[in-house]
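Everything below concerns the one structure shown next.
The values are calculated or read from the model by the stated rules, or taken from the named source; none is laboratory data. All figures in this text were calculated on a predicted structure; none of them were measured in a lab. Glycine gets a Cβ as well: all are built from the backbone with ideal geometry, and neighbour counts include every protein chain shown.
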Amino acid sequence: MTVACELVGSYRDLPLSVYQIGRKFRDELRPRAGLLRTREFVMKDGYSFHATPEDLARTFEVMGDAYARILTRLGADWRAAQADSGMIGGAESREYLLLSDVGEDTLLSTDDGLYTANAEQAVSRAHPAPASAFTTPERRHTPGTPTVASACAALGCEASQMVKNVLYEAESLNGDQISTRPVLVSLRGDHGVNPVKLWNAVSARVDGTLTALEVADTEHWAENLPLGYIAPDLPDSADRRFLRLCDGAAAQCQNFATGANETDWRERHLAQQFLGLGLRGVLGTEPRQAPHQQEHHHGIELHPHQTGGRRRGGGGGQQPRQQQAQGQIAQVEGGGAAAGPERPARRR
């Protein structure tokens, strides 16, 4: 942003594109495609600034087309996928991945090729639950059934006919104050939580900046809560106010079983009103849009993300990103046509 302020004195100076190629350093010893990532490598960062959101969007696509041409000319088997923007933020994120059985990223795409997304961002239609045998509300004694599997065996139902409730602890920083709040997440019994989607949902609903989100410590909560038998309507208390989130598939459940807020007891409900959010992990066999099934792939990230949104200030970073800065100048950060995959720097 400092460079842009020096170069841009009027909207007539826009659009403006700048880039830099330099050495990056990371103390992050983790394998990538079977090799240990080097601490030093060369990276190109590109930035562009625009007077209007429309011009920003056009440049976003121009940069994306440049990536596509580079990878196609290299003969790579690649996909461009929707992805989560992460801590950088923004309204849109796109990453370019090389398909590989040893890839650490998971992609889901429709068989018609019209939709591809990272598993962290992918959405789909949940498989419908079979017809429930529950016809009346009932409270049942089910001792020793804290898990979905044991509860289903005792109740004679499928996991998709249960709503499970998982307790998390969210830590946030507001100014210099650190606070912790319990988060109660309701899902269908056969589904799992997508941690990235959950992080985004909680982050949007807590005061300050979310700094940690973990499954609650069972030893800490076991004395006060009936873990394994919690219901979505677990009451708040003077020192415990829950943030309650429910996945969309669970919100649509009818004639389902869940906890009764008492150890060894469960309740059957015919219907209950929930506000549904997209919190679950997507399965590779689920359809994005009928009749197209989603195919499951692994991939290696060749380029960082491009993201779109609104953010104060600017600055370099690992991920190229499309941003609209506060005020009248829109900004795009991303690799240009000359960008290539990250490569280790040669030591002299």
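Summary of computed values
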{"quantity": "Residue within region 107-115 that is within 25 Å of the chain's Cα centre (by Cα), assigned to a helix (DSSP H, G or I) and in contact (Cβ under 8 Å) with a residue 24 or more places away in the chain present", "calculated": "no"}
{"quantity": "Candidate set from region 47-61 (those that are more than 17 Å from Glu95 (Cβ to Cβ) and without any contact (Cβ under 8 Å) to a residue 60 or more places away in the chain); member that is surrounded by the most Cβ atoms within 10 Å (Cβ to Cβ)", "calculated": "Arg58"}
{"quantity": "Qualifying residue in region 137-149 (condition: polar (S, T, N, Q), in the same structural domain as Thr59 (by TED's automatic domain parsing) and touching a Lys or Arg at 6+ places or on another chain (Cβ under 7 Å))", "calculated": "no"}
{"quantity": "Segments classed as strands (runs of 3 or more DSSP E), wholly inside region 3-105, with at least 2 members that are modelled with pLDDT of 80 or more and polar (S, T, N, Q)", "calculated": "16-25"}
{"quantity": "Output for region 175-195, where each listed residue is in a strand (DSSP E or B), at pLDDT 90 or above and surrounded by 17 or more Cβ atoms within 10 Å (Cβ to Cβ)", "calculated": "Arg181, Pro182, Val183, Leu184, Val185, Ser186, Leu187, Arg188"}
{"quantity": "Subset of region 160-174 (residues that are of a type outside the set (Asp, Glu) and crowded, with 16+ Cβ neighbours inside 10 Å)", "calculated": "Ser160, Gln161, Met162, Val163, Lys164, Asn165, Val166, Leu167, Tyr168, Ala170, Ser172"}
{"quantity": "Test: residue in region 166-176 that is closer than 19 Å to Ala250 by Cα and either over 19 Å from the mean Cα position of the chain (by Cα) or in contact (Cβ under 8 Å) with a residue 60 or more places away in the chain (or both)", "calculated": "yes"}
